[in-house]
Every structure is written in C-alpha cells, then in structure tokens.
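The values are calculated or read from the model by the stated rules, or taken from the named source; none is laboratory data. Here the structure is a predicted model, which means the values were calculated and not measured. Please note: Cβ atoms are built from the backbone with ideal geometry, for glycine as well, and neighbour counts cover all protein chains shown.
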Amino acid sequence: MNRFVVTLFACLLLPMTAAAADMRTVTVDRDGKVYTMRSEVFFDVDQDTLYEVFRNWDLSPGFSSWVVDARNLEPDETGKAGFYIQNKGCVMFVCKTLVREGYVDDEPNTYIHASAISEKSDFAISNETWTFSTEGTGTVVVYELEMSPKFWVPPVIGPYVIKRKLKSDGGDALDRIEKIAQDRAAAKGYTRGGKSAANDGTVTVD
C-alpha cells in the first residue's frame, strides 16, 4: 500500500508464492478532483518484516514496473524523514510520468503515513496511510489514500474503471511485495508463523 490504483493509483503504490497475498476489499470514490481509496490486504508474512518492507522506499522498484525510481530521503532540518518516488505508466490513451516527494510519519510496526509536498509533486494532494495488524500467522494491511492530481484525468477513468483494474492487475504487485518480505523474514531466520527456527519456535516476533 504497493506501495499501493490503475496506473494512477497503482503508480502510487503498488514471483508467485505458495500462499499469495489476498486483496480482500477495495473501495474507490471520487468527489470532484479528489479521489479516495481504501483497501484491505492479507499477506502471509509477519508484521514486523512487512512493515520494514513498506517503510523502505528504496525497495519500491521491486514492487512494480510502474516504479522507475524511489528512495528514502534524509531527514530535513526539523528531523522529518522524507521520500521520493517516480512512476511511469499509461491508462487507456493517457501516459504520464508522475513524481511525488514528501514526508513520512510512522509508528514502528503499526502505521506509516506519507504526505506529498505539492510544490515538489504532480499532485495537489497525496496522503497515504498503511496500518498493520497481525492476523494468525500473517499480517493485514489497511491502505487509505486521498489524492488530487494536478493534471487532467479523462472523465472515463472513474472509480469503477479504477476498481476493476485494481482487482484484475493488482495481484502481481501484492505478490511481489509478499515475496520480498518472505525472503527477508527467511534471511532473519523467521518461519511463516513468525517464529525463529533457530529456537525451535520458542521465540516469536512481536
């Protein structure tokens, strides 16, 4: 959360696995020039590791081919951490390179909030929040987006088209995110259940 909307939305986000990520719900609405989206996705990986993957903008190009450049930015003079992301893609006959640069606020392993700076972005408004919670041996991520592009969007690209495209094409990006997180968890010695194999399951990830 990708990371993660039909190129417009998918650009803001964003390897198959035995248990692929499951997009449970997605709602998309528009009020004038402002689009909002809310989705809920289950990932078969522990909460701590998944949070680390979403929090690291440097990993974003691995989520989707739409992401052509992304990186963490050093904190500014006030100590605020930053991010930069550039996406490129087409929706119907409209092709765009989209840039967002802004600030990140987060509570480790719980939520991430990213807010774009309008003067440095192709969006008048771009606010994203990812909220993480453990469910069984995996993690549920609730993604919420409020976005208003500075560029013209054809009327035909409305909430219905965006929602349909998300459901049909969004799975690949979600699976890539899950695979990246699972590989990182395995490198740390965690099993699918979030337990350390080196300690016979007696040590669990909080």
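Listed values, structure above:
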item	result
Unique residue being acidic (Asp, Glu), under 18 Å from residue 33 (Cα atoms) and either in contact with a helix residue (DSSP H, G or I) (Cβ under 8 Å, 6 or more places away or on another chain) or at pLDDT 75 or above (or both) when the list is 122, 105	122
Contacts under 7 angstrom Cβ, first residue in segment 50-62 being within 10 Å of residue 109 (Cα to Cα), partner part of a helix (DSSP H, G or I) and of a type in the set (A, V, I, L, M, F, W, C), 6 or more apart	50/181
Those residues of segment 35-69 which are under 16 Å from residue 187 (Cβ atoms) and assigned to a loop (DSSP other than H, G, I, E, B), in sequence order	45, 46, 56
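The rows are residues; the columns are (1) at pLDDT 95 or above; (2) in contact with a Ser or Thr (Cβ under 8 Å, 6 or more places away or on another chain).
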{"residue": "94", "(1), (2)": "no, no"}
{"residue": "101", "(1), (2)": "yes, yes"}
{"residue": "166", "(1), (2)": "no, yes"}
{"residue": "173", "(1), (2)": "no, yes"}
{"residue": "191", "(1), (2)": "no, no"}
